[in-house]
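Here the structure is laid out as structure tokens; the discussion comes afterwards.
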Amino acid sequence: MRLALAEAAKAAARGEIPVGAVVLDPLGEVLSAAGNDRESAADPTAHAEVLALRRAAALRGQWRLSGCTLVVTLEPCTMCAGAAVLSRVERIVYGAVDEKGGAVGSLWDVVRDRRLNHRPEVVMGVLGEECADVLKRFFATRRIR
């Protein structure tokens, strides 16, 4: 999670919403890391999770990320939760809960939907307060007082 937080900090420095993601291989080695890049890339799909999953798949030379873990600072949205399911990651670990758009247990629970053929394990709340604080500080500097 510390590496994901570092990616979130890099994203914030670029003016992006500070979310970071890391994909670990089955042995716990880092395959890829990314931060949000929607603004810079002008790409609505350039969420940290999607970028990290794409890079990990490219590195492995296959779209199936079986045995891998997706670590992310913020609970994934529906798009990112769906990408995690479709990539067949074994587990999703996230920090801050996203009550407004989270799709891994709070607002929706895409990854545990029994109608899907793959359901990753979920570990939530890892460094949750620290991950939430990064987002709170980022948005506090952008609010009109």
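The values are calculated or read from the model by the stated rules, or taken from the named source; none is laboratory data. If you're wondering where the values come from, they're calculated on a predicted model, not measured in any experiment. Quick reminder, even Gly has a Cβ in these numbers, built from the backbone with ideal geometry, and neighbours come from all protein chains shown. All accessible areas refer to the heavy atoms of the entire protein, side chains included, with ligands and DNA or RNA removed. Shrake-Rupley method; radii C 1.70, N 1.55, O 1.52, S 1.80 Å.
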Subject >> Leading residue by the ranking (nearest to the chain's Cα centre (by Cα)) among those in segment 117-136 that are more than 25 Å from A9 (Cβ to Cβ) and open to solvent by less than 70 Å² (accessible area, probe 1.4 Å) >> reply: P120
Original post:
Of the residues in segment 64-116, how many are buried (at least 20 other Cβ atoms within 10 Å of the Cβ) and either of a type in the set (G, A, S) or in contact with a Phe, Trp or Tyr (Cβ under 6 Å, 6 or more places away or on another chain) (or both)?
Top reply: 10
Subject >> Residue list for segment 72-91, filter: touching a Pro at 6+ places or on another chain (Cβ under 7 Å) and within 17 Å of N36 (Cβ to Cβ) >> reply: A84
Original post:
In segment 54-63, what residues are within 15 Å of P26 (Cβ to Cβ) and either open to solvent by 10 Å² or more (accessible area, probe 1.4 Å) or without any contact (Cβ under 8 Å) to a residue 12 or more places away in the chain (or both)?
Top reply: A57, L59, R60, Q62
**OP:** Please work out which residue is farthest from R60 (Cα to Cα), limiting yourself to segment 3-30 and to residues that are without any contact (Cβ under 8 Å) to a residue 40 or more places away in the chain and assigned to a helix (DSSP H, G or I).
**Re:** A13
Subject >> Criterion violated by F139 - all others in (1) farther than 24 Å from A11 by Cα; (2) open to solvent by less than 100 Å² (accessible area, probe 1.4 Å); (3) without any contact (Cβ under 8 Å) to a residue 24 or more places away in the chain satisfied >> reply: (1)
**OP:** For E75, indicate whether it is of a type in the set (D, E, K, R), modelled with pLDDT of 95 or more and under 23 Å from P18 (Cα atoms).
**Re:** yes
